[in-house]
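Engineer: Can you keep this structure in mind? I'll have questions shortly.
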Amino acid sequence: MITRRQFLATIGYTTLAGFASATYAAVIEPGFRLNTVTYKFTPPRWTPGLKLRAVLLADPHLVEPHMPVRRWQRIIETANALQPDMHLLLGDYVTAHPFRTAKVPVAQAANAAKALTSPLGTFAICGNHDWWDDLTAQKRGYGPTVAQKAFEDAGIPVMENRAIQLKKDGMPFWLSGTGSMIAIHNHHWTSFESRADIQSTMAMINDDAPIIHMAHEPDLFPEIPDRVSLTLSGHTHGGQVRLFGYSFITPSSYGNRFAYGHVVENGKHLIVSGGLGCSIIPIRFGMPPEIVVLELG
């Protein structure tokens, strides 16, 4: 029979463990940890001999006190130290959750990103939160968003339904990007309109060089043509809480199918970054903030 002292001790240890877990999830993992995750493979339809190293930064969600500008700057320093051929920014530079002391204007995120340096340059797309945060874009139903203009003003091209050809060691490849699939919401937040135009984006490509495509939401992946060698996404944050390879809640119509990592379906390849920041609630557990490194070819 359990004694009163044993019962109280059990309650105490349980409370302490719960407090420690909550502190880790709300403070330590999202605010202090930073992983570097590397994927090394040769995508389909890839040019033989083309070696490309890219660093992906997804979903920083700048906000006080969880992701202040100074932490974003430290992440940028770490990204530069990885010495990639190019940096790719996958959207959601702002956040609007209520657990904050102050918002961070997207212009500050963009200005800090000017410090990213690589031979082929830095390229960005916008995420759904970048659209939702722009009330003018919501009202008129189209961009450019404040976020897009901020990054372009900082000298960083925004691949909003665009494609450009780049070269590494004289070998060409295409970099393309599309707008958010849930860019425009109605007044009641019950339906959304996409601003991802994959058809017109692919129409800009005029040769058979490999294509790397940036799409904020991985739910676009089933619509991506087989012609694309690799699709890169963020948005899900790996669910923010992920245990034993399972994300309990994901902002995706496909659940865990596209929640995180390297996905291969029907010969098509998708990388979903776990991201850097938080949305809805500022916690992470089993899904630390991460920088993604791609070693292609």
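None of the figures in this text is laboratory data; all of them are computed from the coordinates on show. All figures in this text were calculated on a predicted structure; none of them were measured in a lab. All Cβ positions, even for glycine, are placed from backbone atoms using ideal geometry, and neighbour counts span all protein chains on display.
Engineer: If the viscosity is 1.002 mPa s and the temperature 20 °C, what Stokes-Einstein diffusion coefficient in µm²/s follows for the chain when Rh is the Kirkwood radius over Cα pairs?
Structural biologist: On the way: Rh = 19.8 Å.
Estimated diffusion coefficient is 108 µm²/s.
Engineer: Could you let me know the centre-to-centre spacing of segment 27-104 and segment 227-297, using Cα atoms, in angstrom?
Structural biologist: Centre-to-centre (Cα) distance: 13 Å.
Engineer: Treat each spin label as a single point 7 Å out from the Cα along the C-beta direction, and report the Lys114 to Asp226 distance in nm.
Structural biologist: It works out to 4.6 nm between the two label points.
Engineer: Got a sec? How would Ser176, Ser200 order by Cβ neighbour count within 10 Å, fewest to most?
Structural biologist: Ser200, Ser176
Engineer: Could you compute the net charge surrounding Lys40? Neighbours are other residues with a C-beta less than 11 Å from the C-beta of Lys40; K and R count +1, D and E count -1. Mind showing how you got there, number by number?
Structural biologist: Working: positive: Lys51, Arg53; negative: Glu295.
Combined, the nearby Lys, Arg, Asp and Glu give +1.
Engineer: Taking 0.36 nm per residue of sequence separation and subtracting the Cα-Cα distance, how much length would be gained by fully extending the chain between Phe244 and Asn186, in nm to one decimal?
Structural biologist: Values: separation 58, 0.36 × 58 = 20.88 nm, distance 3.65 nm.
This chain segment gains 17.2 nm when fully extended.
Engineer: Counting each pair of different Cα atoms once, what's the Kirkwood radius of segment 170-297 in Å, rounded to one decimal?
Structural biologist: Values: mean 1/r = 0.0637 Å⁻¹.
Taking every pair of different Cα atoms in segment 170-297, averaging 1/r and inverting gives 15.7 Å.
Engineer: Another question about this same structure. Assuming a strict under-28 Å limit between Cα atoms, what lysine pair count do you get for the chain once near-sequence pairs (fewer than 8 apart, same chain) are dropped?
Structural biologist: 20
Engineer: Under a plain spin-label model, where a point goes 7 Å from the Cα along Cα-to-Cβ, how far apart in nm are Tyr39 and Asp153?
Structural biologist: Simple spin-label model gives 3.3 nm for this pair.
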